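Beneath this line is the structure, given in structure tokens, with notes to follow.
Throughout, read-outs are computed from the coordinates displayed, never taken from laboratory work. Predicted model only: the values in this text are computed from it and were never measured. Using ideal geometry, Cβ is built from the backbone for each residue, glycine included, and neighbour counts are taken over all protein chains shown.
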């Protein structure tokens with residue numbers, strides 16, 4: 001991952017250490033709590049643990065993961081918002097953190113005032129993926145089937161307001177299809193439901209479904225980014241597959 005490059009490391013550390021350098025303080029002088037407001041095994045958790053292991057090695061101090069899933073990340077975010085602003089409680093979260101501010105009428109924190117951005121860690125491209133039992137092999141066929149069976153196709157997401165939910169919502173709004181949303185508490189249960197056939201479609205992050213795609217348990221139709229993904233050779237973008245202008249590029253950051 002590019003997030004572990006020397007350049008990214010330098011920017012990340014500079015951003016994290018700047019407030020302490022200004023005060024002439026060494027940091028970190030004790031373990032740092034890292035809240036990940038999603039369940040273990042999802043893309044936020046996997047990326048976070050990879051980066052934090054490197055960070056612990058570089059800085060000689062523990063960065064301890066605290067998974068606090070629920071309510072599309074807002075439960076964990078509230079924990080961080082109410083923590084002492086001393087740099088010893090940080091959060092790894094996704095685009096959903098900003099989306100929640102628009103999707104929930106009331107949150108127990110102020111998304112802009114109660115947090116300070118540190119650094120982006122990685123892009124989180126999504127792929128429209130279906131269970132093999134769904135008789136479609138392209139985005140166009142998926143749209144046609146959804147229009148022929150309004151409301152009958154179930155799609156899973158990692159929660160209301162999550163990146164997978166918003167990516168599918170964008171596709172729905174641009175194509176006029178009607179499919180039924182089934183939210184789960186994180187990327188792992190979202191994908192588990194899809195693999196089992198409990199749901200028939202999902203807009204999942206590539207990292208959470210790529211193993212299932214490779215072993216034939218899931219079928220990719222199109223990626224949501226502006227360019228094809230090197231991780232999924234031969235899978236076109238949704239924009240070039242019949243939905244011109246479609247693009248959503250979620251991220252994971254600190």
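Ordered by the count of other Cβ atoms within 10 Å of each Cβ, fewest first, 180, 96, 111 give 180, 111, 96. Antiparallel beta bridges, as assigned by DSSP with both residues in the chain, represent about 50 percent of the total such bridges. Spin-label model, residue 172/residue 107: points 7 Å from Cα along the beta carbon direction are separated by 2.1 nm.
Evaluated on the chain, the Kirkwood hydrodynamic radius is 19.0 Å, with distances taken between all distinct Cα atoms.
Provide 106, 147 in ascending order of the number of other Cβ atoms located within 10 Å of each residue's Cβ, fewest first.
106, 147
Determine, from the Cβ-Cβ distance of residue 182 and residue 98 and an R0 of 30 Å, the FRET efficiency 1/(1 + (r/R0)^6), rounded to the nearest 0.05. Efficiency, rounded to the nearest 0.05: 0.80. By the count of other C-beta atoms within 10 Å, a proxy for reagent exposure, 65, 118 are ordered fewest to most as 65, 118. Taking Cα atoms, how many degrees apart are the long axis of helix 163-175 and the longest axis of the chain, rounded to 10 and kept between 0 and 90? That helix lies at roughly 40 degrees to the long axis.
Measuring nothing but how far apart in sequence close Cα pairs (under 8 Å, 6+ apart) lie, relative to its length, the range 126-253 scores a relative contact order of 34 percent. When DSSP beta bridges are restricted to pairs lying wholly in the range 126-253, around 55% turn out antiparallel.
Would you mind getting me the FRET efficiency between residue 196 and residue 65? Use the beta-carbon distance for r and R0 = 25 Å, nearest 0.05.
Working: r = 28 Å, r/R0 = 1.10.
E between residue 196 and residue 65, to the nearest 0.05, is 0.35.
Distance between the 7 Å Cα→Cβ label points at residue 30 and residue 50: 3.2 nm.
Compared with the dominant Cα axis of the chain, that is its longest principal axis, helix 187-196 is turned about 20°.
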